[in-house]
Amino acid sequence: MNILVLNCGSSSIKYKLYNMTDESVLAQGGVERIGLDEAFVKVTLPNGEKKKIMHDMPDHKEGVNFVFSLLTDPEIGAIKSLNEIDAVGHRVVQGGDLYEKSTLVDKSVEDGIESLCDLAPVHNLGHLRGLRAVDALMPHVPQVAVFDNAFHSTMPDYAYLYAVPYAMYEKYHVRRYGFHGTSHRYVSQRVCEFLGKDIKDMRIITCHIGNGASVSAVKGGKCVDTSMGLTPLEGLMMGTRSGDIDASVVTFLMEKLHKTPQEMSDYLNKESGVLGITGISSDMRDIENAAAEGNKRAQLALQMYDYRIKKYIGAYAAAMGGVDIIVWTAGVGENQIGTRLAACSNLEFLGVKMDAEANKVRGKEAIISAPDSKVTVCVIPTDEEIVIARDTMRLVNGK
């Protein structure tokens, strides 16, 4: 069975084509600047090289259509005909309260995703355009939606509700949903396979740390709390997002800066976080380099960034009555040696003891805690696409 995985954003499409017999990747690439000038696709060729192809793509339908043409291209394609694609799996950021697990897509599901656009206007609209593009181009191929927040649907109400009038939850569905769920789900399962542990017996803290970042508490294989909220803005300090903030700061700055609600949202989502503190970059590699060169604000940003991760680790250990495994994943989590060490330092009271030498690893599965550490700290590279592909195969096969 060949399954195409699509992640459609507002102006982008990431894709991977899997042969599910051995879960090998037959083709992959990314479309950028849909609806804008100079749109292009970056394709990974069979020999591993990357090729940039310019192509006018006014909308997602043309973007998906061009991806299909590349997949079947005689020179760089992986298949001879679209008939070789058995199903399409889509990443969907926001499933709200409607979808607590992956689901086969029909008209009612598309309508449901559309009804949730208020909660994730940029993301869900892009996903919906991708779904409808496949509808138009391959109407008989089954599609599956895999929701980013579904893994977090097991949180108890006392963890996901905000202390605002309950009517706001009943009327507007205001609650903590959490995101990166597919990644948290994958690494919490994979780390137990890696360590030879039964996930049902484990208390795991998963740290998905990238430009967007979140931490989740996973007890017995189920999420019991997560740091992101109604939107991805809540929680950790991120590349351009503020993370946790006193709501009165928001209204105070709106008055001082004369910003509309949308302008204030953009300010907190796109101009804050690491970028806002340093004024340099949202890329943690740039910040580490600047800090090493003596830049005080870069050093401050690193301290703030690492400190907030440490606080969530401590909070979630308390919430679960302890912790057995801490997992690091995503761009920063898999590669940023300093952040992992700083965020896990001075946690010996929780049973965490790091091994500085073992921690000098990037982008591969590894144990980075000391042999005598009561808590096992690991790096596990995430693979959200394979989760989407597996869910798609399972649902298409009726399992």
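Every number here is computed from the coordinates shown, using simple stated rules; none is lab data. This one's a predicted model, so the numbers in the text were calculated from it and none came from an experiment. In this analysis, Cβ positions are derived from the backbone assuming ideal geometry, glycine residues included, and neighbour counts consider all displayed protein chains.
Neighbours of V379 by Cβ distance under 10 Å: Lys/Arg scored +1, Asp/Glu scored -1, total +1. Spatially, the range 221-277 and the range 285-308 are offset by 20 Å when compared through their Cα centroids. The mean sequence separation of alpha-carbon pairs under 8 Å and at least six residues apart, normalised by the residue count of the chain, gives a relative contact order of 14 percent.
Arranged from highest to lowest average of other beta-carbon atoms within 10 Å per residue, in what order do the peptides 232-243, 351-362, 162-173 appear?
Details: 232-243: 22.6, 351-362: 15.5, 162-173: 11.2.
For the peptides 232-243, 351-362, 162-173, the packing ranking is 232-243, 351-362, 162-173.
When the helices in the chain are scored as -39500 (n - 2.57) per DSSP H run of 4 or longer and the sum is shared across all residues, what 222 nm value do you end up with, to the nearest 500 deg cm²/dmol? Write down the numbers at each step before the final one.
Working: 14 runs with 152 residues, N = 399.
Helices in the chain give a 222 nm mean residue ellipticity of -11500 deg cm²/dmol.
Please find the FRET efficiency linking A163 to T260, where r is the Cβ-Cβ separation and R0 is fixed at 25 Å, and quote it to the nearest 0.05. Walk me through the numbers before you get to the answer.
Details: r = 26 Å, r/R0 = 1.05.
E(calc), rounded to 0.05, equals 0.45.
Cross-link check: pairs K42/K311; K360/K399; K16/K353; K52/K107; K222/K399 evaluated at a Cα-Cα cut-off of 31 Å; pairs beyond the cut-off: K42/K311; K360/K399; K16/K353; K52/K107.
Our note on the geometry: Cα centres of the range 321-399 and the range 135-156, 26 Å apart. Against the longest alpha carbon principal axis of the chain, how many degrees, from 0 to 90 and to the nearest 10, is the axis of helix 181-195 turned? That helix lies at roughly 70 degrees to the long axis. Cα centroid separation, the range 14-31 to the range 79-101: 13 Å. Segment D372..M1, full-extension length gain: 129.1 nm, with 0.36 nm per residue of separation and the alpha-carbon distance subtracted.
What is the angle, in °, between the Cα long axis of helix 296-320 and the longest principal axis of the Cα atoms in the chain? Nearest 10 is fine, range 0 to 90. With both axes taken from Cα atoms, the answer is about 90 degrees.
When each of the peptides 48-58, 276-286, 4-14, 34-44 is scored by the mean number of other C-beta atoms lying within 10 Å of its residues, the order from highest to lowest reads 4-14, 276-286, 34-44, 48-58. Would you please state the base-10 log of I(q)/I(0) at q = 0.06, 0.08, 0.11, 0.13 1/Å for the chain, with intensities from the Debye formula using one equal scatterer on every alpha carbon? Treating every Cα as an identical point scatterer, log10 I(q)/I(0) equals -0.24, -0.44, -0.86, -1.21. For the pair V249 and R394 in one chain, pulling the backbone fully straight at 0.36 nm per residue adds 47.6 nm over the alpha carbon distance. Listed by chain and number, the lysines placed with their C-alpha closer than 21 angstrom to that of K270 are K256, K259; residues fewer than eight positions away on the same chain are left out. Between S345 and D198, the FRET efficiency from the beta-carbon distance, with R0 = 41 Å, is close to 0.90.
Ordered by packing density, taken as the mean number of other Cβ atoms within 10 Å over each peptide's residues, highest first, how do 336-349, 198-211 rank? Display every interim value, and only then the final one.
Details: 336-349: 18.1, 198-211: 21.6.
Output ranking for 336-349, 198-211: 198-211, 336-349.
Subtracting the Cα-Cα distance of D106 and K311 from their residue separation scaled by 0.36 nm leaves 69.6 nm.
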